[in-house]
1. With viscosity set to 0.890 mPa s at 25 °C, what whole-number translational diffusion coefficient in µm²/s follows for the chain from Stokes-Einstein and a Kirkwood radius over Cα pairs?
2. Using the heavy atoms of the protein chains and a 1.4 angstrom probe, tell me the accessible area per residue for the chain in square angstrom.
3. Please state the charge dipole magnitude for the chain, taken about the Cα centre, from unit charges on C-beta atoms (+1 on K and R, -1 on D and E), reported in debye and rounded to the nearest 20.
4. What do you get for the angle between helix 237-264 and the principal long axis of the chain? Use alpha-carbon atoms, 0 to 90 degrees, nearest ten.
5. Would you mind estimating how fast the stretch 21-109 diffuses translationally, via Stokes-Einstein at 10 °C and 1.306 mPa s with the Kirkwood radius over Cα pairs, in µm²/s?
6. What do you get for the angle between helix 447-470 and the principal long axis of the chain? Use alpha-carbon atoms, 0 to 90 degrees, nearest ten.
7. Could you tell me how many degrees, from 0 to 90 and to the nearest 10, lie between the Cα long axis of helix 371-382 and the main elongation axis, the longest principal axis, of the Cα atoms of the chain?
8. Collect residues whose amide H, placed 1.01 Å from N in the peptide plane, falls under 5 Å from the amide H of V167; neighbours closer than 5 in sequence don't count.
Amino acid sequence: MTAGSNSMWGGRFAEGPASVMREINASIPFDKRLWKQDIAGSKAHVAMLAARGIVSGEDAQAITEGLNRVAAEYEANGVPVNMDLEDIHMVTESRLAELIGPAAGRLHTARSRNDQVATDFKLWVRDAIDEVQAGLAALQAALVARAESHADSVMPGFTHLQSAQPVTLGHHLMAYYEMLKRDRSRFADARARLNRSPLGAAALAGTGFPTDRFMTAAALGFDGPTDNSLDSVSDRDFALDYLMAATQCSLHLSRLAEEFIIWASQPFGFVKLPDAYSTGSSIMPQKRNPDAAELVRGHAGRIMGCMTALCVTMKGLPLAYSKDMQDDKPPVFEAHDLLGLSIAAMTGMVETVTFRTDRMRALAESGFATATDLADWLVREADVPFREAHHITGRAVKLAEDRGVQLADLPLEELQGIDARIHQGIYDVLTVDASVASRMSHGGTAPAQVRARIAQARTELSKAELAGERT
C-alpha cells in the first residue's frame with residue numbers, strides 16, 4: 001500500500017485514497033464528539049468478550065486500561081483529527097494499539113463499525129435528550145415563578161393580534177409551561193424508543209462468535225438489545241425522533257421569543273428586556289435591540305432545516321448501511337447546540353425580563369376587551385339567546401366608540417336605550433378584574449385557577465426531577 005493509505009482497510013486496496021476521497025470519506029472532524037460514548041461502548045464490548053471466553057482476561061484488562069488512558073488523553077487534550085484514520089473508532093483503536101500493542105486488535109472481534117457507530121450515536125442522543133430535559137425543566141421553573149408573581153396582573157388577551165379578552169400575565173406565561181410539558185413528553189418518548197442496544201449486530205447479519213448482547217446492553221444502560229441485525233445498523237429513527245422533538249420545541253421557543261420581541265417594541269411597551277440579552281445600535285443610541293430573542297427565533301428555522309436534511313438523507317436508503325448515513329450526525333449535533341443555546345437564552349430572559357404591568361392593564365382596559373362579558377351577562381341574567389346578545393353587545397361597542405369611552409363608562413340609561421333588559425348589575429362584569437375573575441372554568445384565566453395550575457406544575461416538576469434522579 002502506498003504511504004497515506006489506511007491500513008485498517010486490509011490488503012485488498014493496492015493504492016491509497018485520492019485526496020478528494022480522503023476529505024469526503026473522513027468523519028473525524030465531527031464524530032470526534034462521540035469519543036466518550038465510543039470508549040464506553042468499547043469497554044462494555046471487551047468486558048463481554050472476556051466473560052464469554054472470546055478474548056483472554058489478560059488482553060481484556062490491557063485493552064480496558066488502554067482505553068482509560070486514551071480517554072484521559074482525550075479529556076486533557078481533545079481528540080486528534082487524523083484524516084487518514086477517518087473516524088473516532090479508528091482514531092481510538094489506532095491510539096490504543098500504540099499504547100498496548102497487538103492486543104488492541106482483539107477489541108474489534110465480533111463487532112463492526114456499523115453496529116459500533118449506531119451504538120455510539122444512540123448513547124450520544126440519549127445523553128443529549130437528558131441535557132435538553134434539564135434545560136427545559138429550568139425554563140419551566142422560571143415560567144412558573146414569574147407566573148406566580150403575576151397571577152393577578154391583567155393584560156390583553158389576543159386573537160389575530162387584536163385585543164380580544166382580558167387575561168392575566170400569569171395565565172399567559174403558563175401557556176408556555178404547557179407547551180414545554182408536551183415537548184418534554186416527546187423527548188421522553190424518543191428516549192424510551194431508542195433505548196435498545198445495536199452493539200453486537202456486527203456489519204448487518206450478526207456474528208458467529210458466542211456473544212452476549214444482553215450483557216453489553218445492560219452495561220450501557222439499555223433496556224435490552226435490538227432484535228434484528230439489519231434494522232440495528234440501518235436504523236436512524238432515534239436521530240429523527242430527536243430532531244422532530246427539537247423542531248417542535250424550537251417552534252415553541254420561537255413563539256415566546258416573538259412575543260418578547262413584539263412586547264419590547266415601543267407601540268406595545270409590555271416588557272423591558274435586560275441589558276444582558278439586548279444590544280445597541282451602531283448609529284442610533286436610543287435603540288435596545290432584542291437580539292437574543294431574534295436569534296432564538298432564527299434558530300428555529302435552522303433546527304427545522306437539520307430535521308429536513310436527515311429526513312431527505314434517509315428517505316431512499318436500502319438496507320443495511322450506506323455511507324450516506326455518515327451525514328446523520330452533523331445535523332443532530334448542530335440542532336442540539338442551537339436548541340441548548342435557545343433554551344438557555346429564553347430561560348435567562350424569562351428570569352430577568354421586567355414586565356410593565358401598568359402598560360398591560362391600560363391596554364387591557366382599552367379596546368372593549370370586556371365585550372364578551374357583556375354578551376355573557378345578557379345570556380345569564382336576562383335569558384337572551386347568545387346570537388341576540390352578540391348583536392346587542394355590538395351596538396353597545398359602537399356607542400362607546402362614538403362616545404370615545406369604554407363600555408364600563410357608558411351611562412345605564414344609554415345602555416338601556418339599546419336593550420331595556422340591561423340593569424345596574426351589568427357594571428359588575430365590565431371591569432377587566434371582574435372579567436378575569438369570572439373565568440373559573442378549568443384551565444381558565446381566573447387568578448384562582450392560575451394559582452391552582454401553578455401548584456400542580458410545581459408538583460409535576462418535583463416528580464419529574466425525582467424520576468430523573470432515579471434514572
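1. Translational D for this selection: 93 µm²/s.
2. Ligands and nucleic acids excluded, the result is 47 Å² per residue.
3. So the dipole magnitude of the chain works out to roughly 300 debye.
4. Computed tilt is about 30 degrees.
5. Taking Rh from Cα pairs, D becomes 120 µm²/s.
6. In the chain, helix 447-470 runs at an angle near 10 degrees to the longest axis.
7. Taking Cα atoms only, the helix is inclined about 60 degrees.
8. M155, G157
The values are calculated or read from the model by the stated rules, or taken from the named source; none is laboratory data. Everything numeric in this text was worked out from a predicted model, so none of it was measured. We place every Cβ from the backbone using ideal geometry, glycine too, and count neighbours over all the protein chains shown. Heads up: the accessible areas ignore ligands, DNA and RNA and are worked out on the full protein's heavy atoms, side chains in. Shrake-Rupley method; radii C 1.70, N 1.55, O 1.52, S 1.80 Å.
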